Amino acid sequence: MKKIVVLTGAGISAESGIQTFRDANGLWEGYNIMEVASPIGWERNKKLVLDFYNKRRAQLLNVKPNEGHKALVLLEKKYNVTIITQNVDDLHERAGSSTVLHLHGELLKVRSTKDESLIYEWKKGLKIGDVCEEGNQLRPHIVWFGEMVPMLDKAIEITAEADILIIIGTSMQVYPAANLINYTKATIPIYFIDPKPTIEHNSFSNLKIVAEKASIGVIKVVNELIGLQ
C-alpha cells in the first residue's frame, strides 16, 4: 500500500466549533498566548493556565468530528495513512482514523511536572493540588512555546517515507511543524487544502492547491485518491 501522510492544523477542527489557535492580534479567545501557553506563564500563574485549559477541555467534550475528519478515514481503505496533527483535540481519533501523531500534545491528557513519562488520560477539570503518583503537580500535556517538540523526530521520519502528502488547514507558519514539507521526497504529489493557501504553486514540483475549507476540500481530494472522481 502507498503511504499517505496527512498534516493537519487548526483549520480542520475550526468547522467543529473549536477556536483556531491564534488570531491576528495574538490573542487566543481573549487570552495572551504567552500567559497560557508558555513555561513562564505557568510559573507566574498556574491557576490561570489550568482554568484556560479546563475551558478548552470542556469545550472539546461537547463538539464532534466534521466531514473533513470523517473523509480522511476513507483513505485507509486503499492507503497506509498516518495523520500528523498540530491540533491538541482528539477529533481525528473519534472520527475513526487509526494512526494519529500529536505534535503539540493532547488536551485530554495531563502529565507530571517532574517526570514527563507520567502521562494520564484526563477529561475533568485539572486543579492545583492534583498530583501524579509521585506526588508532583500535574500540568496539561501540551507543548508550550519555548518547549521541545518530543514527537518531531518521529514526524520527520514518517514524512520522509510518504508517497503522497496532504496538508489541511494550517498556515504553514508555525515551526517546526511547517518545516515537515521539506522532508518529503522531491517528486511526490502534495495537496494543500486551505481557503487561504499560503504556499505558491511553483514552490514544489507536484503541488496541487485546493482553496476550500476542510469539509469540502478534503472530500474532493479523498474522492480523487480513492478513484471516485
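Quick note: the coordinates plus some simple rules give every number you see, no bench work behind them. Model, not experiment: these values are computed from the prediction. Here the Cβ is made from the backbone with ideal geometry for all residues, glycine too, and neighbour counts use every protein chain on show.
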Just flag the trypsin sites (Lys or Arg not before Pro) in the range 63-93 sitting in loop per DSSP whose Cβ has no more than 15 other Cβ atoms within 10 Å.
-> Lys78
Size of electric dipole in the chain: Cβ of Lys, Arg +1 and of Asp, Glu -1, about Cα centre, debye, nearest 20 | 400 debye
Once every DSSP H run of n ≥ 4 in the chain is given -39500 (n - 2.57) and the sum is divided by its residues, what mean residue ellipticity at 222 nm do you get, rounded to the nearest 500 deg cm²/dmol?
-> -7500 deg cm²/dmol
GNM of the chain, Cα pairs under 10 angstrom: of Pro195, Pro65, Pro176, the biggest fluctuation goes to Pro176
Tell me, what ³J(HN,Hα) does each residue in the range 127-136 have, in order and in whole Hz, if you take phi through Karplus 6.51 cos²θ - 1.76 cosθ + 1.60 with θ = phi - 60° and put x for Gly and Pro?
-> 10, 4, x, 7, 10, 7, 5, 9, x, 9
For Lys78, put the label point 7 Å out on the Cα→Cβ axis and report which residues of the range 181-195 keep their amide N under 18 Å from it.
-> 188-193
Pair Val63, Tyr183: separation of 7 Å Cα→Cβ label points (nm) | 2.6 nm
Cross-link partners of Lys64 among aspartates and glutamates (Cα-Cα below 12 Å; sequence separation of 8 or more within a chain) | Glu15, Asp89, Asp90, Glu93
Checked against the positive end of the charge dipole of the chain (+1 on Cβ of Lys and Arg, -1 on Cβ of Asp and Glu, about the Cα centre), the farthest of Ala177, Ile158, Ala211 is Ala211
The chain: DSSP helices with Cα axial extent of at least 18 Å and average Kyte-Doolittle hydropathy no lower than -1.0 = 46-60
Using alpha carbon coordinates only, what is the Rg to Rh ratio of the range 1-106, with Rh defined as the Kirkwood radius?
-> 1.03
Of the DSSP beta bridges with both residues in the chain, give the percent that are antiparallel, rounding to the nearest 5.
-> 30 percent
Order the peptides 117-130, 35-48 from the highest to the lowest mean number of other Cβ atoms within 10 Å of their residues.
-> 35-48, 117-130
With a 20 Å threshold on alpha-carbon distance, the violating pairs from Lys55/Lys124; Lys3/Lys208; Lys127/Lys154; Lys2/Lys78; Lys55/Lys114; Lys70/Lys213 are Lys127/Lys154; Lys55/Lys114
